[in-house]
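The values are calculated or read from the model by the stated rules, or taken from the named source; none is laboratory data. Fair warning: this is a prediction, and the values are worked out from it, not measured in the lab. Glycine gets a Cβ as well: all are built from the backbone with ideal geometry, and neighbour counts include every protein chain shown.
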Amino acid sequence: MLLSYLRNASIGPGLLSWLETRDVMRIGRKLRKLDDAALARKVREQAPLLLSRGLRGRPMRIAAAGVREMTYRKLGMRQHPVQITGGLALTRGRIVEMATGEGKTITTLIPAVLVALTGTPVHVITVNNYLAARDAETLAPVLGAHGFTHGVITEETEHHLRPGIYGSDIVFSTNSDVAFDYLRDRLATGRDRTALATLARRVLGVDGGRDAARIVTRGLGFAVIDEVDSILIDEAQTPLIITAERPGGDEARSADEMMLALAATLEEGVHYRLDRKARSVRLLPPVDDVLAGLVPPSPALVPEMARREAIVQALSALYLYLRDEHYILTEDGLALVDEFTGRVMTDRQWQSGLHQMVEAKERVERSGTRETLAQITYQTFFARYLWFAGMTGTASEVARELRLSHGRAVLRVPTHRRVRRRTARTRLFGRSERRWIAVAKAAAKMAARGRPVLIGTRSVAASEDIAERLSQAGQTPVVLNARQDADEAAIVAEAGQAGRITVATNMAGRGTDIPVPADIEARGGLHVIVTEFHSSSRIDRQLIGRTGRQGQRGSAAAYVSLEDALFTDMAPGMVRLLSWISLLWPGRLPGSWATLLRNIAQARSERRGRKRRADTVRRTRKQDKALGFRPDNI
């Protein structure tokens, strides 16, 4: 075990963590003779010492040992050494990389209890409502045995109940719920004195001061963030925004439809250029003559000064934002899809009229245009906690960015059991059609052997396409994408059954185990098929990590095409070269080509992503300074 720590972590922190973990386990053996009440008292006795000395030393190790013993008594399992190591590192505010399936939920108990002992408000942040409720229910017996109160806040929690829940010692919630409550709280209490905030309070119907609109009653103390790379990296470029809605009208809809019709007549390369990688439009001089001759139904709706912006939004709606990839249509209208998780983003809109332009394109009911009242990015929000920590299965790739942008060191802990997953060499095809044929054939072959199969896709459209192919071949696949995200946990729970084929977008069981029975593991376990590489290698690793968990057998394979968006967008020159060579190369292309192409394309994509996130941070800091939203005003 010691050698594993030294291999997988930096020697200083790794060796220190190993020695602390050994001490926690040694102390824990002495605590076993205590009854529940005495054990809880022993843990509580460490509170004054933790307050006076800080979260370090022997008091911290005694408290952690007590938590471990109580976990066994109430849940029937003790934290493994790697979980103890992770829990202590989280207490200190580190980012901990723990492989998928290594038990992050009970690891959370250690930092949650240790910090709560000091009287600091603790928020356990997860990525969705189901996980927040599940984790709270799972850990409740241990928290109750130690005398801590806890509560759960999801999007369904009524406003008047939230102050009481936030008064609990430990609160389980989602990143968006806590961040939006923080924004509403600042607006409601008049902490922001800008004209924008004054408008917001008028819209919210409050006059400032400590009134009934107050939500967060204990402030931002300590947060443990699950899937921290998703929240601080993937979602970093999308600010959380509170808006006031202005109703849309028939005239505004007519103006949008007119601009869409005009945009459809323009010629790429003559009137405009598209940058699909950056999802932006650049107008060329000839378009000015076209716009000058525009006669809108009402000049007030499309004034001459706003025509260029309107035609940019129309071109974006037509060519850069695609149905079943960037959004889906539901009974309620347009619903945006998170590109990194594959989940529907509830109550989110694109800004500056783009959302309404896409609604006009799809001929669905027009929503009202929204005016921004307040906004914050996750980087800014979590920086306002006294301190925070995070867990994820994929932190190594962004360790430098987490250290530089958020001041958080990454500690990678080894797996509790040896990884037995087998990963096949990547299969590369010249044409996308041939890839889908091969995927369907491979999935059917595995299912016929009684092994469960998880097929990961990048978009809703791709998931439904491969599911249709499988159905035509006599299979009965289960589809998990943004249309079924409410049933995610139930679908994932059954994905490990014999012969089951589950087709999923990026969201594939995130935070939810895929249980594989012993008899199925004996046949080889779960087989994961990656059908297209993502812009970040972390997302690929998360999908592959669904199999071979906790020392189980499993396998994974990737089937990609030269026509995949990542390759064509990020390495177009190499794609053209390989496409030409592939005309002379019968059959499947060499897997080494795919590896080279993937490394180049993902490196470029991740470089671009880092630059955008850095730009977002700079803009946010500049805006905060201009509006007086600095942390010292909190």
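Here are the numbers:
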item	result
Any hit, segment 420-433, residues being without any contact (Cβ under 8 Å) to a residue 60 or more places away in the chain and in the same structural domain as residue 481 (by TED's automatic domain parsing)	yes
Condition check for residue 96: closer than 23 Å to residue 406 by Cα, in contact (Cβ under 8 Å) with a residue 60 or more places away in the chain, of a type in the set (Val, Ile, Thr) and surrounded by 24 or more Cβ atoms within 10 Å (Cβ to Cβ)	yes
Residues of segment 159-170 satisfying the condition of being closer than 19 Å to residue 137 by Cβ and either among the small types (Gly, Ala, Ser) or within 20 Å of the chain's Cα centre (by Cα) (or both)	164, 168
Segment 251-262, subset of a type outside the set (D, E, K, R) and touching a Ser or Thr at 6+ places or on another chain (Cβ under 9 Å), residue surrounded by the most Cβ atoms within 10 Å (Cβ to Cβ)	255
Strands (runs of 3 or more DSSP E) (entirely within segment 114-180) containing at least 1 residues that are under 13 Å from residue 222 (Cα atoms)	122-126, 170-174
Among residues of segment 258-290, those that are of a type in the set (Gly, Ala, Ser) and on the phi > 0 side of the Ramachandran plot, counted	1
Residue pairs meeting the criteria (Cβ under 9 Å; at least 6 apart or on separate chains; first more than 15 Å from residue 401 (Cβ to Cβ), in segment 219-238; second in a loop (DSSP other than H, G, I, E, B) and among the aliphatic types (A, V, I, L, M))	219/386; 219/634; 220/386; 220/634; 221/386; 222/386; 226/127; 227/127
Pair list, Cβ < 6 Å and 6+ apart or interchain, from segment 20-39 residues that are in the same structural domain as residue 91 (by TED's automatic domain parsing) and within 21 Å of residue 90 (Cα to Cα) to residues that are of a type in the set (Ser, Thr, Tyr) and surrounded by 12 or more Cβ atoms within 10 Å (Cβ to Cβ)	21/85
Search result, residues across segment 71-90 that are surrounded by fewer than 24 Cβ atoms within 10 Å (Cβ to Cβ), in contact (Cβ under 8 Å) with a residue 12 or more places away in the chain and outside any loop (DSSP other than H, G, I, E, B)	71, 73, 74, 75, 81
Selection from segment 143-162 of residues that are touching a residue at least 40 places away in the same chain (Cβ under 8 Å) and buried (at least 22 other Cβ atoms within 10 Å of the Cβ)	146, 162
Test set (1) surrounded by 21 or more Cβ atoms within 10 Å (Cβ to Cβ); (2) touching a residue at least 40 places away in the same chain (Cβ under 8 Å); (3) not small (Gly, Ala, Ser) - residue 118 fails condition number	(1)
Test: residue in segment 163-170 that is touching a residue at least 24 places away in the same chain (Cβ under 8 Å), of a type in the set (S, T, N, Q) and assigned by TED's automatic domain parsing to the domain that holds residue 393	no
Residue in segment 606-614 that is among the acidic types (Asp, Glu), surrounded by 18 or more Cβ atoms within 10 Å (Cβ to Cβ), at pLDDT below 90 and closer than 18 Å to residue 533 by Cα present	yes
Test: residue in segment 96-108 that is assigned to a helix (DSSP H, G or I) and in contact with a His (Cβ under 8 Å, 6 or more places away or on another chain)	no
Members of segment 400-422 found to be under 16 Å from residue 94 (Cβ atoms), of a type outside the set (Val, Ile, Thr) and part of a loop (DSSP other than H, G, I, E, B), listed by number	407, 408, 409, 414
Answer from 362, 433, 397 - the residue that is crowded, with 16+ Cβ neighbours inside 10 Å and modelled with pLDDT of 85 or more	397
Complete set of residues in segment 266-289 that are over 35 Å from the mean Cα position of the chain (by Cα), modelled with pLDDT of 85 or more and surrounded by fewer than 17 Cβ atoms within 10 Å (Cβ to Cβ)	267, 269, 270, 284, 285, 286
